Amino acid sequence: MVYLAAAASLRLFTSLPITFSGLLAEMTDPASLARWPEPTYQCLQASSYNRESVKRDAPGWFADSDGTGFIRTEVIGGRQEWVMMEHSGPGCITKIWTPFFYYDFNNRVGPNVNVYLDGSTTPVIHEPLISLVCGKGSIGAPWAAYSARAGNLYLPIPFAKSAKVTMSLRPFYFIINYRAYPAGTAVESFRTEDTARRKTDLVRAARALMTNPPLVPKPAGYRIEGGETASTKPPAGPNAIKCLTLRIADIYRRPELLRNLVLEITFDGRETVWCPVGDFFCSADSLHAYRTAKRRVDSDGLLVSRWVMPYKASCEVRLRNLSRTSAEVELGLGTQPWKWDSRSMHFYARWRPDDVVPGTPFQDWNFVDISGKGVYVGDAWTVLNIRKDSWWGEGDEKIYVDDAYKKGFPTHFGTGTEDYYGWAGGVYPVKEDEFSAPFLSNVKVGGLDGHTQGVNICTRERGLDAIPFLRRLRFDMESSFGTDMRQKWDLLGYSSVVFFYAFPGATHNRPAESKEAAKGYLEFDDVKARSEAIKGGIGRSGRP
């Protein structure tokens, strides 16, 4: 890990090219996201979204059937191929997703994918896409792995001049994320033999992704009375919180504290973190064990955050108890010195509270709208589904970077909610579809009768696919129910958390919501009560 981190640091400050090993180092260095990327890149996306969607608020904006889109067909080496993604200039493919079936749910093989770099007509990858992303082809875990009816490839594929990804037959659902570096950026292109030639680097990086033990801070105990706040100040900066741990006494008996206890953090005089503890850890309703690269919940009730949170001079961490009774907690903070420079950014975690949404009319449900300069690094979505054997996640993500919102079309246009979070539909999800991976987790699937009725929680953390923005980032997700839930009286409850880094001066539309957090988690009866208002003509909750 030390060698890889040193290699990445050396590349950033010399004229050495971007390399496969350097990208592995960046992916596994928890501190890399907290500094503005150098060189600056654009995070772009190619997907099979429905091409009937051409502009926001125009006809076709909520078109479904988003699994067959592609750019064009062309003949390469005498073969007709379907172009899924192409880019001219230096860059790096950072993530590829597809379901584990091809059109027919029983077809688990599908056609070959071809990855061409730098204008060559000889692909560096040529194998069935399903096998590739599910870890059954040339790339193994954790770089390619099965999730739930889908797979995700996270192996970096850098290119110096251009990249083109094609299929040997018509594409099915797919999403490809990639970096576009500025013209003239020196990049060492991926070669087929790199996975064997750089095996030592891959093994070291995989170990860091899968185990990477955090600092183990010694916790301090607090008894926080109802309506009161406990506060602690880490050592004066420049430092960074490298690990934060929490343990809440009797949390399995008192799950309401997961929403009523709020984590607040102020860096250099600005409050950037305001989020109920449970929502921060994908456990708004009750504690759910899972593990990703940046957060985990252990079965014994320990909550661990490994988001790196730097500050230049000062930091204050607070736990606010919005309940009416006392709470006993243990809070641990692990800090290390941080070299504060012009690329250093503050960490944000912001919460959007519970919102009840009708199936008709469709709408783009906003996670966050940020003005300023920073890097978007993750999110979590909690969905309360009140119907048995029904599907809640048909909507596509729409992420607008900088001027994209003014132009009316997102920088990232996805193919479905579960696709964004790295798994796939095809059947109604069940408890067995819960999984955890370094960058993705289907934390909870429903609960009542083991199906989607109840609370559903998904989360995504970004590594090489983090999204820099210079002026603005807006993240919307379509509130687009499955075909069986598209009546006004079919409701879903939503709440979300977003994670990002930003420079001083950044603003957003997610203020502290103490009154909402004090209400506790949304219940079935709440949704049913609000349904009467919707039937009466309100139509939607009215939140921004």
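The values are calculated or read from the model by the stated rules, or taken from the named source; none is laboratory data. Worth saying up front: this structure is predicted, and the values here are computed from it rather than measured. Because the Cβ atoms are built from the backbone with ideal geometry, glycine has one as well, and the counts that use them run over all protein chains shown. Accessible surface areas use protein heavy atoms only, side chains included; no ligands, DNA or RNA. Shrake-Rupley method; radii C 1.70, N 1.55, O 1.52, S 1.80 Å.
The table for this structure:
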| quantity | calculated |
| --- | --- |
| Check: region 290-354 dipole with +1 on Lys, Arg Cβ and -1 on Asp, Glu Cβ, in debye | 360 debye |
| Distance in nm between pseudo-label sites at V216 and T360 (7 Å out along the Cβ direction from Cα) | 5.8 nm |
| Per-residue [θ]222 nm for the chain (sum of -39500 (n - 2.57) over DSSP H runs n ≥ 4, rounded to 500) | -3500 deg cm²/dmol |
| Contact order relative to length of the chain, as percent, for alpha carbon pairs under 8 angstrom and 6 or more apart | 17 percent |
| Nearest-0.05 FRET efficiency for R197 and E38, computed from C-beta distance (R0 35 Å) | 0.85 |
| Cβ-derived FRET efficiency at R0 22 Å, T229 paired with D250, nearest 0.05 | 0.65 |
| Region 242-321 and region 60-82: distance between their alpha carbon centers, rounded to Å | 43 Å |
| Two-decimal log10 I(q)/I(0) for region 254-365, as the Debye equation yields it once each C-alpha is a single scatterer, q = 0.21, 0.22 Å⁻¹ | -1.24, -1.31 |
| Highest-first arrangement of 301-307, 228-234, where packing means the average Cβ count within 10 Å | 301-307, 228-234 |
| Region 112-215, relative contact order in percent, only Cα pairs under 8 angstrom and at least six apart counted | 26 percent |
| Burial order of peptide ranges 86-97, 199-210, 411-422 (average beta-carbon count within 10 Å, highest first) | 411-422, 86-97, 199-210 |
| Percent RCO, i.e. relative contact order, over region 1-159, from Cα pairs under 8 Å lying at least 6 residues apart | 16 percent |
| Rounded to the nearest 20 debye, dipole of the chain from Cβ charges on Lys, Arg, Asp, Glu | 1080 debye |
| Placed amide H near V113: partners under 5 Å, 5+ positions off or other chain | E127, L129 |
| Selected from V133, Y252, N509, residue furthest toward positive end of dipole (the chain; charges at beta carbon) | N509 |
| Distance between region 100-126 and region 452-512 - C-alpha centres, whole angstrom | 30 Å |
| Cα-based reach from K242 at 29 Å (exclusive), listing lysines while leaving out same-chain residues under 8 positions away | K95, K199, K218, K233, K294, K312, K339, K373, K444 |
| Heavy-atom accessible surface of region 370-459: percent carbon and sulfur, 1.4 Å | 49 percent |
| Dipole-positive endmost among V187, G89, Y222 within the chain (Cβ charges, Cα centre) | V187 |
| Label corresponding to mean projected area of the Cα convex hull in nm² when calculated from the structure given, among (i) 27.2; (ii) 49.5; (iii) 23.6 | (iii) |
| Table column - 3J(HN,Hα) (Hz), region 142-159, Karplus curve with 6.51, -1.76, 1.60, x for Gly and Pro | x, 6, 9, 7, 6, 10, 9, 6, 6, x, 9, 9, 10, 5, x, 10, x, 9 |
| Cα lying deepest toward the dipole's positive end in the chain, options P234, W143, V317, charges on Cβ | P234 |
| Ordering of 500-509, 160-169 by burial proxy (mean other Cβ atoms within 10 Å per residue, highest first) | 160-169, 500-509 |
| About the Cα centre, charge dipole magnitude for region 248-340 (Lys/Arg +1, Asp/Glu -1 at Cβ), debye | 300 debye |
| Residue-wise HN-Hα coupling along region 36-44, computed from phi with Karplus coefficients 6.51, -1.76, 1.60 (Hz; x: Gly, Pro) | 4, x, 9, x, 5, 10, 9, 9, 10 |
| Per-residue HN-Hα couplings for region 502-512 [Karplus 6.51, -1.76, 1.60; θ = phi - 60°; Hz; x = Gly/Pro] | 7, 7, x, x, 5, 10, 7, 9, 10, x, 4 |
